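First comes the structure, then the notes that go with it.
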There are 2 protein chains.
Amino acid sequence: MVVDQLDDAEVDRLFHALADATRRDIVVQAAAGNLSVSALARRYPMSVTAIQKHVAVLESAGLVRKERRGRERIVTTEPASLAAAHQMLDRLEAMWRGRLDRFGGVLSEIPKGDQT
Amino acid sequence: MVVDQLDDAEVDRLFHALADATRRDIVVQAAAGNLSVSALARRYPMSVTAIQKHVAVLESAGLVRKERRGRERIVTTEPASLAAAHQMLDRLEAMWRGRLDRFGGVLSEIPKGDQT
DNA sequence: CTATCGTACAACCGAATGGTTGTAGATCAG
DNA sequence: CTGATCTACAACCATTCGGTTGTACGATAG
């Protein structure tokens with residue numbers, strides 16, 4: 001596993017980047033990787049600069065990649081990054097599950113398909 | 001599935017809550033559900049009030065539950081909430097994967113175990 | 001009853017967020 | 001060359017964040 005040693009700051013950036021509806025949507029829109037920054041901007045009710053900033057946040061979180069094509073910058077979603085997010089959740093889950101195990105007893109409360 | 005219709009604001013709150021190392025740690029510490037707010041606060045280099053606020057954020061994201069026990073408030077991690085986070089990531093992933101499908105061609109770039 | 005502990009809440013503060021406008025440099029079209 | 005387009009970046013602004021201190025109140029201990 002290459003994506004393994006995620007430090008706190010990295011995880012912070014990752015979840016922070018995902019904590020915004022516009023950014024989550026950009027991740028989806030940029031999946032096919034053929035949209036420029038301004039092309040993206042046209043899809044949202046805000047300025048190009050605002051989108052530039054969102055893309056920058058996504059980029060520094062590793063969720064997206066920007067490559068130049070002529071005068072435009074094509075934004076492409078980074079496939080591995082969502083996997084990394086999953087991995088983080090798994091890790092979190094494993095940790096509190098470990099806590100539970102060590103304390104025992106309360107295990108009956110997480111029948112694996114629980115809901116509230 | 002009970003946890004299904006997560007609206008944007010809810011997802012925002014969820015990921016935002018997870019985008020802080022202290023809060024993520026609280027989620028783990030509170031797994032066994034026998035720690036009060038002040039007991040939690042003793043584990044971090046910050047004031048009780050700061051922890052209260054973190055717990056409030058986690059609570060409004062549904063990641064944690066607070067129940068009164070005498071004069072203390074016991075903080076307990078909500079098992080279903082992490083599952084909800086997973087579900088959100090799955091949904092995101094499904095969406096951009098759908099985009100890819102519709103565009104076709106680039107599929108070879110995500111061999112399912114990819115890493116930058 | 002009194003003192004202490006755990007919590008709640010308001011007020012404040014500096015830093016970061018999420019948006020804007022304005023300016024300027026590259027690249028492309030005619 | 002000229003003009004339009006795309007991007008970058010600085011500056012600004014209001015709001016939110018993450019922390020603090022201070023005050024108040026209910027619950028517990030002596």
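The values are calculated or read from the model by the stated rules, or taken from the named source; none is laboratory data. Everything quoted here is computed from the prediction, not taken from an experiment. When we count neighbours, we look across all protein chains shown, and the Cβ atoms used for this are built from the backbone with ideal geometry, even at glycine. Ligands, DNA and RNA are stripped out before the accessible areas are found, and what is left, the full protein with its side chains, is counted by its heavy atoms. Shrake-Rupley method; radii C 1.70, N 1.55, O 1.52, S 1.80 Å.
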Checklist entry - Which residues of region A:15-49 end up with at least 50 Å² less accessible area in the presence of all protein chains than when their chain stands alone, using a 1.4 Å probe? => result A:PHE15, A:ALA19, A:ARG24, A:VAL28, A:ALA31, A:ALA32
Checklist outcome for this item: Output row, site A:GLU10, 7 Å Cα→C-beta label point, backbone N cut-off 20 Å, window region A:75-92, residues A:77-92
Next on the checklist: Heavy atoms only, 1.4 Å probe, whole protein assembly: order B:HIS16, A:HIS54 by accessible area, highest first.
Outcome noted: B:HIS16, A:HIS54
Next on the checklist: Tell me the accessible surface of B:LYS53 in square angstrom (1.4 angstrom probe, heavy atoms of protein chains only), to the nearest ten.
Outcome noted: 140 Å²
Next on the checklist: Testing the spin-label approximation: label points 7 Å from Cα along Cα→Cβ at A:ALA56 and B:ALA39. State their distance in nm.
Outcome noted: 4.5 nm
Checklist outcome for this item: The B/A contact buries a total accessible area, at probe radius 1.4 Å and rounded to the nearest 100 Å², of 3800 Å²
Item to check | Accessible surface, region A:8-103, averaged per residue in Å² (probe 1.4 Å) | outcome: 46 Å²
